[in-house]
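Take a look at the structure set out below.
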There are 4 protein chains.
Amino acid sequence: LLVLEISVPAGSEDDLLHEIADQWPSYLAYAASFSTIGAAWVAHSAVTGYIERADATLVRLNLLLLMVISFLPFPTKLLAEYASESDSARVASTFYGVTILAAAVLLSVLWRYAVHARLVRSDAEGAEIEMLTARLTPGLAGYVVMISLGLFLPVVAVVGYLAIAILILAPLRRRGRAGSSS
Amino acid sequence: LLVLEISVPAGSEDDLLHEIADQWPSYLAYAASFSTIGAAWVAHSAVTGYIERADATLVRLNLLLLMVISFLPFPTKLLAEYASESDSARVASTFYGVTILAAAVLLSVLWRYAVHARLVRSDAEGAEIEMLTARLTPGLAGYVVMISLGLFLPVVAVVGYLAIAILILAPLRRRGRAGSSS
Amino acid sequence: LLVLEISVPAGSEDDLLHEIADQWPSYLAYAASFSTIGAAWVAHSAVTGYIERADATLVRLNLLLLMVISFLPFPTKLLAEYASESDSARVASTFYGVTILAAAVLLSVLWRYAVHARLVRSDAEGAEIEMLTARLTPGLAGYVVMISLGLFLPVVAVVGYLAIAILILAPLRRRGRAGSSS
Amino acid sequence: LLVLEISVPAGSEDDLLHEIADQWPSYLAYAASFSTIGAAWVAHSAVTGYIERADATLVRLNLLLLMVISFLPFPTKLLAEYASESDSARVASTFYGVTILAAAVLLSVLWRYAVHARLVRSDAEGAEIEMLTARLTPGLAGYVVMISLGLFLPVVAVVGYLAIAILILAPLRRRGRAGSSS
């Protein structure tokens, strides 16, 4: 989770306090990415906890998911740099949102594929499986809404991405723990 | 603990020895951050060793704490760049101190919340719990003193942050070990 | 797998969308390196799963292999920067291909040395050992073909490196799992 | 072991092949640092495998050692940048050598302190302890020789640092393994 390196000041020593305050888009983008990667990691652990064995497709889906998540620092950097300029901010916010959405879709596809291909642990109850499937879906809808919103209010959308990550985070953790101990 | 990348020379090959010596604020900032992250990690392990289960609030507090600690390289970089200029050094030192203080407060809050919400392991004795609570407090006071001092003597304050980290480090480790073996 | 930091935009806020699209060599190079490191890691796990003990030569071969793989971000960066200019693209693509080939050769040598020096686990069957030996070879031929192709069509060669990594990835994973559970 | 980021080309697309070849000090510095960190890590594991419990001094010595090793990328970068200019190369090579020597001295001090303070595992035989003590010493002498040599022939000294790391690496690994299984 080394998303940092992102936030660099302009190098003017005249008014460092002002300069630090001016970096707010970096802080917002950092917080959003940190929470999103955290949420993705927790959700991924929950899914992995239920999967018993992997086949070739699952391994490739998993690699693709990791690749998209590892790619996140790039849109984060764009967001941090362009959040204060209206036109570019829309592009950066949309690019960011689409990357997160891709990760969320991939995680959902990976889980549905694992259920469909009977790779899930045999002692997992049907109710638990359905619950996890249900959990992974609302995030998708939330990201689509935020991407649309980001075309008009890019900064609000980033706050939205942060909020979705925080909302997802807590309940999935408990689910993941239940999955690994039961 | 990859705090590095920070210390870069100006690129003048005339007097490299002098240039290396001139980077002393980077070395000081690096040593302070390395020790602080080390101390935070050890203290976090000690706290985690006593916690039995996590609820939604604890998971979020924990994420917030990790986010603040992962943010530390940014104030470190500011400190390394501006420690030799009097006005900016005050801002950089205060910004750095506030970030460390926020991490120390969050760790203390996380521990107090865990005790309050009865998430602590049932075999932990009351005396041990009180001892850890007491251990996490003096650091807070030390950081407040150093932040105030940093408004006048920024470099001294950074040496102070380094000293606090070294002081915290050793005893907490023993506490953490006791926690994980008893 | 922190191959990132690579993709940076030119800093022009006029047409960010266009700028993002113009970074396609970075994305291609990133995907190729991510898959290659992933494939190398999986292949390395498969080999390690069969090895029982290490001697001095094996430790040095292993260090050399890790060094080459850790070196990969440098040719990746060159590829990302020079893929759109015809002459330099050939050099960058060849340099990249030779680095990957060196990693693949080293892994193959490491495995053959382990088999030859009887460092392989005694419960591993001859058929399994031969299968792994056979698996590590076609990648070598593929890389040689792609390096030659890269002298004329550098971008196609990079797509080829990506394809080889994806092809290697899945079956070796299953082999690795079998190795660690049987 | 993410020593990279170091090797960056000048950005001239006229003769990329020449440019890549011109980066040889980066490759040498990278190889030397990679091997040294590898050797330090292996030696540290060997020492840790014999230590049963830690006291306050040992924890601080260990932090100091980790801090020095994590600092290595900075002299590596200096070496990579200034190895081709005669005057600066001497400074860079000496600075690099002193950093490695400091790490080697700290590891030796840490081990001697652990033996002296009776923190070593009780089932470790006296012969094994003496052997490890003896193993950690010749590296020190080698580094002192190389630092002296580096004042006249800086590049040769770097090759020497690389050679010492490779020499240390293999036998210590076997010692480490014996330590953790007996």
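The values are calculated or read from the model by the stated rules, or taken from the named source; none is laboratory data. Keep in mind that this is a model prediction, so the values were computed, not measured. Note that we place each Cβ from the backbone using ideal geometry, even for glycine, and neighbour counts take in every protein chain shown.
Residue count for the stretch C:106-128, restricted to those that are under 24 Å from residue C:68 (Cβ atoms) and in contact (Cβ under 8 Å) with a residue 24 or more places away in the chain: 11.
For (1) outside any helix (DSSP H, G or I); (2) within 14 Å of another protein chain (Cβ to nearest Cβ), each residue gets a yes or a no:
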{"site": "B:58", "(1), (2)": "no, yes"}
{"site": "B:61", "(1), (2)": "no, yes"}
{"site": "B:68", "(1), (2)": "no, yes"}
{"site": "B:123", "(1), (2)": "yes, no"}
{"site": "B:131", "(1), (2)": "no, no"}
{"site": "B:147", "(1), (2)": "no, no"}
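Considered as a group, the residues in the stretch C:79-114 that are more than 30 Å from residue C:132 (Cβ to Cβ) and hydroxyl-bearing (Ser, Thr, Tyr) include one that is nearest to the other protein chains (Cβ to nearest Cβ), and that residue is C:88. Taking the stretch D:13-56 as the range and being more than 20 Å from the chain's Cα centre (by Cα), of a type in the set (Val, Ile, Thr) and more than 14 Å from chain B (Cβ to nearest Cβ) as the test, only D:20 passes. When the residues of the stretch A:70-102 are filtered to those that are of a type in the set (D, E, K, R) and part of a helix (DSSP H, G or I), the one that is farthest from the chain's Cα centre (by Cα) is A:87.
Assess whether residue B:168 counts as being of a type in the set (A, V, I, L, M, F, W, C), surrounded by 20 or more Cβ atoms within 10 Å (Cβ to Cβ) and at pLDDT below 80. For residue B:168, the condition - of a type in the set (A, V, I, L, M, F, W, C), surrounded by 20 or more Cβ atoms within 10 Å (Cβ to Cβ) and at pLDDT below 80 - is met.
Note on the stretch A:31-55: residues that are assigned to a helix (DSSP H, G or I) and in contact with a strand residue (DSSP E or B) (Cβ under 9 Å, 6 or more places away or on another chain) amount to 1.
Residue C:100 falls short on exactly one of the conditions (1) under 24 Å from residue C:127 (Cα atoms); (2) surrounded by 21 or more Cβ atoms within 10 Å (Cβ to Cβ), and that condition is (1). Scanning the stretch C:74-97 for residues that are crowded, with 19+ Cβ neighbours inside 10 Å and among the acidic types (Asp, Glu) yields one hit, C:81.
Residues in the stretch C:76-126 that are among the aromatic types (Phe, Trp, Tyr) and modelled with pLDDT of 85 or more were compared, and the one that is farthest from residue C:155 (Cα to Cα) is C:113. Within the stretch C:103-142, the residues that satisfy the criterion of being aliphatic (A, V, I, L, M), more than 22 Å from the chain's Cα centre (by Cα) and surrounded by fewer than 16 Cβ atoms within 10 Å (Cβ to Cβ) are C:117, C:127. Comparison of C:72, C:64, C:28, C:58 shows that the only residue that is hydrophobic (A, V, I, L, M, F, W, C) and touching a strand residue (DSSP E or B) at 6+ places or on another chain (Cβ under 8 Å) is C:58. The residues in the stretch C:24-39 that are over 16 Å from residue A:70 (Cβ atoms) and crowded, with 18+ Cβ neighbours inside 10 Å can be counted, and the count is 1.
Scan the stretch A:149-166 residue by residue and report those that are touching a helix residue (DSSP H, G or I) at 6+ places or on another chain (Cβ under 7 Å) and in a loop (DSSP other than H, G, I, E, B). Answer for the stretch A:149-166, where residues must be touching a helix residue (DSSP H, G or I) at 6+ places or on another chain (Cβ under 7 Å) and in a loop (DSSP other than H, G, I, E, B): just A:151. Looking across the stretch B:69-122, the residues that are within 17 Å of residue B:56 (Cα to Cα) and touching a Leu at 6+ places or on another chain (Cβ under 8 Å) come down to B:106, B:107, B:109, B:110, B:111, B:113, B:114, B:117, B:119.
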